[in-house]
Amino acid sequence: MTKRSATCRTRIVALGDSTTAGTPGFLSPIEAPPDGRGDETSQYAYWLMRSHPEWDVLNRGVNGERSDEIESRFDRDVVGGSPAAVVIIAGVNDIYQGRTVEHVIGRLRAIYARAAAAGIRVVAGSILPYNTATPEQNGHIRHVNEWIRRLPGVMFVDTHAAVAMAGNPALLFESPDGLHPAAAGYRRMADAIGPVLEEVLR
């Protein structure tokens, strides 16, 4: 059996912040061109392609970016890649930096709308927890995530639940820095995202 060529693979863009890039273990190809640098298992894109060799998942995450900054590179990093689908996880840095829930929802709505206008199917992930979040920040995360869950026109995946500690969902179940998942967490994210992508791509 010959190896499936890259031209036959289904292209998917993973768009987001550090939790897409693979921080702290991996620098995305945007952060360290051309192929990224670090522990490649510290990114959910790696695990998606490991379980689905027929997919070409482009890691377009950038550590520290807010949703408005992610939106500003949508045409370059998503539309320019001509993907069949895009996975979008954004908003944690907005909340970390004190932006309002309304700001986050407004920017996410705009990103999802741009994908729809380009004919790109959307998988919308929930904002991940981080261990230093205040009760107010955790409340904002829950509010935004519930809004995403109920939004028509996108396929929701609960990436927050995938990496949360059992019995205390405000904390990551495993983290090297208290802010980001370990490689095992990124693998769990892929395990959650994969079935939703399968459905979207049918």
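So here's what we get for this one:
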{"read-out": "Order of exposure, largest accessible area first, which applies to 35, 75 with probe 1.4 Å", "value": "35, 75"}
{"read-out": "Charge sum, other residues only, whose C-beta stays under 13 Å from residue 100's C-beta, Lys/Arg counted +1 and Asp/Glu -1", "value": "-1"}
{"read-out": "Helix-only CD estimate at 222 nm, as mean residue ellipticity for the chain, using -39500 (n - 2.57) per DSSP H run (n ≥ 4)", "value": "-12000 deg cm²/dmol"}
{"read-out": "For residue 164, distant residues with modelled amide H under 5 Å away", "value": "173"}
{"read-out": "Mean Cβ neighbour count within 10 Å, used as a protection proxy, ranking 52-63, 135-146, 11-22 highest first", "value": "11-22, 52-63, 135-146"}
{"read-out": "The chain, accessible surface, carbon-and-sulfur percent (1.4 angstrom probe)", "value": "51 percent"}
{"read-out": "3J(HN,Hα) from dihedral phi, segment 48-64, Karplus parametrisation 6.51/-1.76/1.60, rounded to Hz, x for glycine, proline", "value": "5, 6, 5, 8, 9, x, 7, 9, 10, 9, 8, 7, 10, x, 9, 4, x"}
{"read-out": "Lys/Arg +1, Asp/Glu -1 at C-beta; segment 97-147 dipole; positive extreme among 125, 104, 115", "value": "115"}
{"read-out": "For the chain: accessible area per residue (Å², 1.4 Å)", "value": "46 Å²"}
{"read-out": "Overall Cα dimensions of segment 78-131 - principal axes, largest extent first, Å", "value": "34, 21, 16"}
{"read-out": "For residue 11, distant residues with modelled amide H under 5 Å away", "value": "56, 84"}
{"read-out": "Karplus 3J(HN,Hα) series, Hz, for segment 91-99 with 6.51 cos²θ - 1.76 cosθ + 1.60 (x for Gly, Pro)", "value": "x, 5, 6, 4, 5, 4, 8, x, 5"}
{"read-out": "In Hz, Karplus ³J(HN,Hα) per residue of segment 178-192 (6.51, -1.76, 1.60; θ = phi - 60°; x = Gly, Pro)", "value": "x, 10, 10, x, 7, 4, 4, x, 5, 5, 5, 4, 4, 4, 7"}
{"read-out": "Rounded to 5, the percent of DSSP beta bridges in the chain classed as antiparallel", "value": "15 percent"}
{"read-out": "Extension gain from residue 11 to residue 109, taking 0.36 nm per residue of separation minus the Cα-Cα distance", "value": "33.0 nm"}
{"read-out": "Size of electric dipole in the chain: Cβ of Lys, Arg +1 and of Asp, Glu -1, about Cα centre, debye, nearest 20", "value": "560 debye"}
{"read-out": "Computed accessible area, residue 26, all protein chains, 1.4 angstrom probe, square angstrom", "value": "10 Å²"}
{"read-out": "Ellipsoid semi-axes in whole angstrom, largest first, where each is sqrt(5λ) of the Cα gyration tensor of segment 117-202", "value": "24, 16, 9"}
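The values are calculated or read from the model by the stated rules, or taken from the named source; none is laboratory data. Just so you know, these numbers come straight off a predicted model, no measurement behind them. Every residue, glycine as well, gets a Cβ built from its backbone with ideal geometry; the counts of neighbours run over all protein chains shown. Just so you know, the surface numbers come from the protein's heavy atoms only, side chains and all, with ligands and any DNA or RNA stripped out. Shrake-Rupley method; radii C 1.70, N 1.55, O 1.52, S 1.80 Å.
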